1. How much accessible area per residue does the range 1-49 have, counting only protein heavy atoms and a probe of 1.4 Å, in square angstrom?
2. So, R0 is 35 Å and r is the distance between the beta-carbons of Gln138 and Ala4; what FRET efficiency does that work out to, to 0.05?
3. Report, to two decimal places, the Cα Rg of the range 1-72 normalised by 2.2 N^0.38 Å (N = number of residues).
4. In what sequence, highest mean first, do 108-117, 33-42, 2-11 appear when ranked by Cβ atoms within 10 angstrom?
Amino acid sequence: MRRALVSAAAVVIAIVAQLAVVNRLSLPGGAPPDVVLLVVIGLALSGGPAAGALTGFCAGLGLDLAPPGSPLIGEYALVLCLVGYGCGCLRGLLGRPVRITPVPVAAGIIAAAAGEILATAITLALSPGQATWAVVRQLLPATIFADAALSLLVVPLMLLAGRLADGPVPVPGAARPAAAQQRERQGATAGGLAG
């Protein structure tokens, strides 16, 4: 439940920041980073495939429906759902819980580039009038670079948020609560009397 609340809050904040601030920045290359994509990547890396796909779908649908919206409703929902699922599948390879190291950050950068390429490919395939190859050749590298730079901050922040949402991680060999220890002793005593 805490994870769902943290994910929902992070996605809403990312969508508002993307639409109200980031898209209005005049950055070199003319392409702003995709904060929502990076938030989905970070949450998916810490949450797993199901959480990643659901978070990605909801975030993408929010972007599709938010003004100015997308001419193809469901475009970002599909892209972010696939990216979220793919990053969630990496959780098993990165360990549980995912530690904030260069490996998940590098995976986040690669996933961001893949997400931008996938979104561009879908746009070119389904609405060729919306973008031309000349614009794509100019903006796509700048967008990928901006995503890579911002992912150094956003991905670790979302990994940390995911870890905090999951609560404390049990450590093998750590002391168990007194009630659990007492039940184990009572079970051993009852087993010894019965035998």
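The values are calculated or read from the model by the stated rules, or taken from the named source; none is laboratory data. None of the values given here were measured: they were computed from a predicted structure. FYI the Cβ positions are ideal-geometry reconstructions off the backbone, even for glycines, and counts take in every protein chain you see. Ligands, DNA and RNA are stripped out before the accessible areas are found, and what is left, the full protein with its side chains, is counted by its heavy atoms. Shrake-Rupley method; radii C 1.70, N 1.55, O 1.52, S 1.80 Å.
1. Working: 2230 Å² over 49 residues.
Computed with neighbouring chains in place, this is 45 Å² per residue.
2. On the way: r = 39 Å, r/R0 = 1.11.
Efficiency computed from Cβ-Cβ geometry: 0.35.
3. Numbers: Rg = 12.7 Å, N = 72, 2.2 N^0.38 = 11.2 Å.
Cα Rg divided by the expected 2.2 N^0.38 Å: 1.14.
4. Details: 108-117: 21.7, 33-42: 29.4, 2-11: 16.7.
Answer by packing, highest mean first, reads 33-42, 108-117, 2-11.
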